[in-house]
Amino acid sequence: TQLLEQSPQFLSIQEGENLTVYCNSSSVFSSLQWYRQEPGEGPVLLVTVVTGGEVKKLKRLTFQFGDARKDSSLHITAAQPGDTGLYLCAGLISGNTGKLIFGQGTTLQVKP
Amino acid sequence: DTEVTQTPKHLVMGMTNKKSLKCEQHMGHRAMYWYKQKAKKPPELMFVYSYEKLSINESVPSRFSPECPNSSLLNLHLHALQPEDSALYLCASSWTAQAGSGNTIYFGEGSWLTVV
């Protein structure tokens with residue numbers, strides 16, 4: 001069974017705090033994507049990471065792909081209320097045709 | 001332009017109705033997908049089309065019938081649905097259906113379906 005364990009599943013923090021979301025698996029991913037989703041809307045792509053050890057930054061968001069391509073993290077610096085939403089990690093495994101393996105999601109609430 | 005367009009945004013249908021969800025992309029992607037998502041859960045794959053041919057059916061009940069008229073369009077025909085089929089239905093697309101390096105799947109905004 002190919003699983004992607006995402007943690008924490010729920011996070012409620014104050015504006016200005018930092019946070020990290022983790023995705024871990026025993027499987028090797030050819031690529032891993034992070035999405036942010038608001039209620040009733042589709043997931044919006046934040047980033048795709050491909051290379052082991054890769055670090056990508058998107059304003060206050062920093063994404064890291066593990067050296068072995070089995071894990072990834074999302075770090076948000078100085079969280080804002082606009083960061084509130086469901087964050088999903090999802091990976092593609094080589095040999096699996098088009099099937100994204102999703103983490104369980106992290107619901108983030110940032111209070112003003 | 002990384003846009004996948006879905007219509008309608010909201011749909012309410014009775015259990016005896018026949019309706020369709022539509023999806024369109026103009027990114028030249030050759031793989032298109034239907035996902036189903038319940039509240040606060042990750043999306044679940046239903047179907048994958050690769051080069052306009054159905055390549056994956058994740059044991060979806062026959063009351064859901066996908067159709068890919070051309071490389072830009074994907075439909076999901078709905079008939080005799082049950083209340084438990086109420087969910088957000090997401091269309092997605094990518095360059096290919098292979099898990100190649102950097103292959104990224106883009107989602108549409110979704111069609112929120114309520115079966116009464």
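Each reported figure results from applying straightforward, stated rules to the coordinates on display, with no laboratory input. Keep in mind that what you see is a predicted model, and the values were worked out from it rather than measured. All Cβ positions, glycine included, derive from the backbone under ideal geometry; neighbour counts span all protein chains shown.
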List pairs: first residue in region A:80-91 and in a helix (DSSP H, G or I), second residue buried (at least 16 other Cβ atoms within 10 Å of the Cβ) anywhere in the structure, Cβ distance under 9 angstrom, at least six positions apart or on different chains.
A:Pro81/A:Val110; A:Gly82/A:Val110; A:Asp83/A:Leu19; A:Asp83/A:Arg36; A:Asp83/A:Leu61; A:Asp83/A:Ile76; A:Asp83/A:Leu108; A:Asp83/A:Val110
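Tell me, which strands (runs of 3 or more DSSP E) lie completely within region B:1-75 with 3 or more residues that are within 14 Å of the chain's Cα centre (by Cα)?
Here the list reads B:4-7, B:18-25, B:31-37, B:44-50, B:53-57, B:64-70.
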When restricted to B:Glu58, B:Glu44, B:Glu84, the only residue among the charged types (D, E, K, R) and either within 7 Å of chain A (Cβ to nearest Cβ) or in contact with a Leu (Cβ under 7 Å, 6 or more places away or on another chain) (or both) is B:Glu58
Exactly one condition in (1) within 21 Å of B:Ile105 (Cα to Cα); (2) away from chain B (no Cβ under 14 Å); (3) more than 13 Å from the chain's Cα centre (by Cα) is not met by A:Gly52; state its number.
(2)
Among the numbered criteria (1) within 11 Å of another protein chain (Cβ to nearest Cβ); (2) closer than 14 Å to A:Leu86 by Cα; (3) in contact (Cβ under 8 Å) with a residue 60 or more places away in the chain; (4) among the β-branched types (Val, Ile, Thr), which single criterion is violated by A:Val44?
(3)
Among the numbered criteria (1) exposed (fewer than 15 other Cβ atoms within 10 Å of the Cβ); (2) among the aromatic types (Phe, Trp, Tyr); (3) under 24 Å from A:Gly103 (Cα atoms), which single criterion is violated by B:Tyr51?
(3)
Condition first: within 14 Å of another protein chain (Cβ to nearest Cβ) and touching a helix residue (DSSP H, G or I) at 6+ places or on another chain (Cβ under 9 Å). Can you find one or more residues in region A:33-41 that meet it?
yes
Restricting attention to region A:63-112, and to residues there that are aliphatic (A, V, I, L, M), within 14 Å of chain B (Cβ to nearest Cβ) and within 14 Å of the chain's Cα centre (by Cα), which single residue is farthest from B:Tyr49 (Cα to Cα)?
A:Leu108
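Name the single residue that is surrounded by the most Cβ atoms within 10 Å (Cβ to Cβ) among those in region B:27-41 being more than 10 Å from chain A (Cβ to nearest Cβ) and closer than 12 Å to B:Tyr106 by Cα. Steps first, please.
The initial filter retains those residues of region B:27-41 that are more than 10 Å from chain A (Cβ to nearest Cβ), namely B:27-30, B:34, B:36, B:38.
Retained after the next criterion (residues that are closer than 12 Å to B:Tyr106 by Cα): B:27, B:29, B:34.
On the way: B:Met27: 14, B:His29: 21, B:Trp34: 25.
Top of the filtered list is B:Trp34.
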Considering only region A:92-112, state which residues are free of Cβ contacts under 8 Å to residues at least 24 places away in the same chain and touching a strand residue (DSSP E or B) at 6+ places or on another chain (Cβ under 8 Å).
A:Thr97, A:Gly98, A:Lys99
